[in-house]
Amino acid sequence: ANGVTFEAAVPAEHEIYFSLSVSTHFRAPTMTLTHKGGMDIEEVDEAHIARIPFDALTGLKAFVVANALTDIGAPPEIISPLVQQLPKLWELYHDFGMTALELNPIRMRPDRRGKLT
């Protein structure tokens, strides 16, 4: 089922910014991603922001997310959970004809078993 869940503010060890939009520069759908927080994205050093165009016919693939996170020096413990979830947002973006999708911030912290959620 499609739906949206809103959570109250929670403590977090990691804040991630993620968006999908059509870039006029690349003339393609583009993922923007950083692990340096989302609230002040405009102030984040460009070296820590990935702007990755991808093919609309194949969508956002997990390896694109993994490579982008690695290239910007994201902590290894956040890569796998994000690689598992972020590509699914392409389906939402594409299937509903969105022009922009932004999650700001994605907050991550260890659960009781130490797994990042």
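Close contacts from segment 32-49, counting a first residue that is at positive phi and without any contact (Cβ under 8 Å) to a residue 12 or more places away in the chain and a second that is buried (at least 19 other Cβ atoms within 10 Å of the Cβ) and hydroxyl-bearing (Ser, Thr, Tyr), with Cβ to Cβ under 7 Å and a gap of 6+ residues or different chains, come to none at all. Hey, among 70, 5, which residue is of a type in the set (Val, Ile, Thr) and exposed (fewer than 10 other Cβ atoms within 10 Å of the Cβ)? One residue alone meets the criteria, 5.
None of the figures in this text is laboratory data; all of them are computed from the coordinates on show. What you are looking at is a predicted structure, and each value in this text was computed from that prediction instead of being measured. Cβ atoms come from the backbone with ideal geometry, glycine included; neighbour counts cover every protein chain shown.
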